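The values are calculated or read from the model by the stated rules, or taken from the named source; none is laboratory data. Predicted model, so just to flag it, every value in this text is computed and none were measured. Cβ: placed from backbone, ideal geometry, glycine included. Neighbour counts: every protein chain shown. Ligands, DNA and RNA are stripped out before the accessible areas are found, and what is left, the full protein with its side chains, is counted by its heavy atoms. Shrake-Rupley method; radii C 1.70, N 1.55, O 1.52, S 1.80 Å.
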Amino acid sequence: MDKKTSRRKFLQNSSLAAIGTFIGAPIVYGKNMPNGYIPVAVAEEIDPFQQFGLHPDMKVLNDRPWNIESAAHLLDDPITPADKFFIRNNGIMPEDIDVSQWTLTIDGESASQSKTYTLRDLKDKFRHHTYQLALECGGNGRSEFNPPAKGNQWSVGAIACAQWTGVRLKDILNDVGVKNDAVYVGFYGADKHLSGNPNKPAISRGVPMWKAMQDETIVAFQMNGKDIPLTHGHPLRLVVGGFPASASGKWLTRLSIRNKVHDGPKMEAPSYRVPCKPVAPGEKVADEDMCIIESMPVKSLITYPKTGAMLSKGKKLSIRGHAWAGENKVTEVQYSVDFGSTWKQCKLEAPVNRHSWQRFSADISLPATGYYEVWARAKDDQGRMQPMVLPGWNPKGYLNNACHRIAVKVK
Ligand SMILES: Nc1nc2c(c(=O)[nH]1)N[C@H]1C(S)=C(S)[C@@H](COP(=O)(O)O)O[C@H]1N2
Ligand SMILES: [Mo]
């Protein structure tokens, strides 16, 4: 345990007076502090860049819980490394994880039996698979909606595509036995609700059976060939590509095979739901008119160059980026340098596997010195294309897949 962690542990288990001594002043309204609460004066001493090993261009949106976003130019690697991978926590991360004691329990109305596996059991019993899977927070792009939606004000950086290794969820479910009436699989993790209430999960979402049974839906123990970092769900997490990343439960301890749509915290309306029918910006929407988000929409990011790039006259501008389309495949990416008046094709690579993002690139000739914008838009195999402007406003600010743009100057 490093010094900071042990100090934090000490504080969590300490009396108000002891914490006051640590801060150097009595906490006047201390009796109102929620159980387990870490005062800002203490919390601020945690440097997330150091603690989580983050790239200096990462942006902290919230420190309780930690929500940290990446940026377009940080997402240029074909496989996102941990230091550039966004962090989205709903609660307080578990501490002092003892991997040898970690278990995963499968239960639920539609499980033929309840069964518990150790990490060793999972690794020994089932075949290992590695997939590159794009995880995008449902709220990525929320900051642009107007009227604004409450929640983390993600710009474009709540997306990543790492290489995940684990066992297929379907192999585990089949080993346990799934009853015919199974509808959903819900997850539970070891993180704590912000209130400190141990009986209230921070988040417990799930996926329909067809998604749980897909080959690429895995219970992972490695990210990019190493143990999963604590921030991303060490030692075990669900990885469900194509769906909002909120379905990919971190610090996984339990899966429940349900005979109805899972009803854990943040599964019910209005969380991770959008109006079933389009609404006017700002309109109130009743819970029963909100539908669960499944596949994420088609989207792309120009990851090189970084916006604001300078180019010498006569040189070609080489751009590249990534495109993804939830359950679907990206079939085309186009770019425009004249504010969308004309569009040209980018070179587009096939995905490494289903639910991985796809690389695109183009070499662009720019006719004169001056200011340009490069716009990119992707199309999926259903013929759906990214909109140029904000897509349908919704109360929680999900699914903004408007096209990405960068500025370039030729000198
Ligand atoms: N146990 C648990 N799982 C979780 C969360 C969480 O707060 N707790 N956040 C979810 C959400 S909303 C997202 S977008 C992704 C973020 O994964 P990351 O932090 O590895 O990027 O994890 C999901 N899984
Ligand atoms: Mo999310």
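Tabulated data
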| quantity | calculated |
| --- | --- |
| Residue of Gln132, Gln101, Gln334 that the Gaussian network model of the chain assigns the largest fluctuation, springs spanning Cα pairs under 10 Å | Gln101 |
| Length released on extending from Trp210 to Phe339, taking residue separation times 0.36 nm less the Cα-Cα span | 42.3 nm |
| Thr130, Thr105, Thr231, reordered so the largest accessible area comes first (probe 1.4 Å) | Thr130, Thr105, Thr231 |
| Selected from Cys346, Gly24, Ala41, residue furthest toward positive end of dipole (the chain; charges at beta carbon) | Cys346 |
| J(HN,Hα) series, region 255-272, from Karplus relation 6.51 cos²θ - 1.76 cosθ + 1.60, nearest Hz, glycine and proline x | 10, 10, 8, 9, 9, 8, 4, 3, 10, x, x, 6, 9, 8, 4, x, 4, 6 |
| DSSP-assigned coil residues among GluC sites (Glu not before Pro) in region 25-123, each with at most 16 further Cβ atoms within 10 Å | Glu44, Glu45, Glu95, Glu109 |
| Candidate aspartates and glutamates for bridging to Lys329, where Cα separation is under 17 Å - those fewer than 8 sequence places away on the same chain excluded | Glu136, Asp215, Glu216, Glu294, Glu349, Asp380, Asp381 |
| ³J(HN,Hα) computed for each position of region 299-306 - Karplus, 6.51 cos²θ - 1.76 cosθ + 1.60, integer Hz, glycine/proline x | 7, 8, 9, 7, 9, 8, x, 6 |
| Shape of region 99-292, Cα gyration tensor, a/c cut at 1.5 | prolate |
| Residue among Ser295, Ser15, Ser114 with the largest mean-square fluctuation in a Gaussian network model of the chain, springs linking Cα atoms under 10 Å | Ser15 |
| Where the chain is the region considered: accessible area per residue in Å², 1.4 Å probe | 45 Å² |
| Potential extension, Ile79-Thr118 segment - 0.36 nm per residue separation minus Cα distance | 11.1 nm |
| Residue-level accessible surface for Trp324, protein heavy atoms, 1.4 Å, Å² | 10 Å² |
| Ordering of 244-250, 272-278, 51-57 by packing [mean C-beta count within 10 Å, highest first] | 244-250, 272-278, 51-57 |
| Largest-first ordering by accessible area, 1.4 Å probe, given options Leu255, Leu390 | Leu390, Leu255 |
| The chain: relative contact order as a whole-number percent, Cα under 8 Å and 6+ apart | 16 percent |
| Most fluctuating residue given options Ile319, Ile218, Ile27, as computed from a GNM of the chain linking Cα atoms under 10 Å | Ile27 |
| Disulfide-incompatible cysteines by the Cβ rule (no partner under 4.7 Å) in the chain | Cys137, Cys161, Cys346, Cys403 |
| Given Lys211/Lys266; Lys250/Lys306; Lys123/Lys266; Lys59/Lys150; Lys31/Lys200; Lys347/Lys379, the pairs whose alpha carbons are separated by over 24 Å | Lys250/Lys306; Lys123/Lys266 |
| Residue-span extension gain [Met33 to Thr21] - 0.36 nm each, minus C-alpha spacing | 2.7 nm |
| Placed amide H near Ser356: partners under 5 Å, 5+ positions off or other chain | Ala134 |
| For Gly138, distant residues with modelled amide H under 5 Å away | Ala245, Ser246 |
| ³J(HN,Hα) computed for each position of region 241-250 - Karplus, 6.51 cos²θ - 1.76 cosθ + 1.60, integer Hz, glycine/proline x | x, x, 8, x, 4, 4, 7, 8, x, 8 |
| Interchain or long-range residues, amide H under 5 Å from Ser114's placed H | none |
| Carbon + sulfur, % of accessible area of the chain - ligands and nucleic acids excluded, 1.4 Å | 50 percent |
